[in-house]
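The values are calculated or read from the model by the stated rules, or taken from the named source; none is laboratory data. As the structure is a prediction and not an experimental result, all values here were calculated from the model. Here the Cβ positions follow ideal geometry from the backbone for every residue, glycine too, while neighbour counts run over all protein chains shown. Ligands, DNA and RNA are stripped out before the accessible areas are found, and what is left, the full protein with its side chains, is counted by its heavy atoms. Shrake-Rupley method; radii C 1.70, N 1.55, O 1.52, S 1.80 Å.
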Amino acid sequence: MTFEKPEFEYVAKPYYIWDGDVELNGEGGFYQELIVTDPVDYKYYTIHDEARVQTAAKCVTSKLYGPKRFLNQVRPRPMLTRRLRRLVNRLDLRGVGVDFVKDAEGRFWAVDINLAAGYRNSGLEPALCKSIRASLPD
């Protein structure tokens, strides 16, 4: 990530999500090197509900190439699930959303993290409710 426009292909991101969308080689608050991938994002959602950490994943089309569209639910990859569980436990988070892309060698790269992810249609809505209830004072 850099705050100066790089010389190579990049993704421009606004400082805040309400300031606009990501843009290929455009203007932004900060810049990330473009990872050459298929135009698909793997959206992972992780919830800690006091009893256990649960993860769900889905594929969507990348906003870099047009409007985001849901493609399908996918089985979370064990390695990514373990790493997200470790992140949630280490930082004492209740939940997190992380967007990954997969490069030509099959490696996954985290390109976005959201502490206020939208869990709609993730399958984790009951766990989210349980997590919120567990956080409220008695």
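Data for the structure
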| item | result |
| --- | --- |
| Any hit, the range 75-91, residues being modelled with pLDDT of 90 or more and part of a strand (DSSP E or B) | no |
| Condition check for Ser122: at pLDDT below 95, farther than 22 Å from Tyr15 by Cα and either of a type in the set (Gly, Ala, Ser) or buried (at least 16 other Cβ atoms within 10 Å of the Cβ) (or both) | yes |
| Arg69, sole failed condition from (1) over 21 Å from Cys129 (Cα atoms); (2) open to solvent by less than 40 Å² (accessible area, probe 1.4 Å) | (2) |
| Per-region count, the range 27-53, residues buried (at least 16 other Cβ atoms within 10 Å of the Cβ) and not aliphatic (A, V, I, L, M) | 12 |
| Residues of the range 27-38 classified as assigned to a strand (DSSP E or B) and closer than 19 Å to Pro67 by Cβ, total | 1 |
| Within the range 94-138, tally of residues that are under 14 Å from Arg52 (Cβ atoms) and assigned to a loop (DSSP other than H, G, I, E, B) | 2 |
| Any hit, the range 14-26, residues being modelled with pLDDT under 95, assigned to a strand (DSSP E or B) and either touching a helix residue (DSSP H, G or I) at 6+ places or on another chain (Cβ under 9 Å) or among the aromatic types (Phe, Trp, Tyr) (or both) | yes |
| Scan of the range 86-114 for residues that are touching a strand residue (DSSP E or B) at 6+ places or on another chain (Cβ under 6 Å) and open to solvent by 90 Å² or more (accessible area, probe 1.4 Å), ordered by number | Trp109, Ile113 |
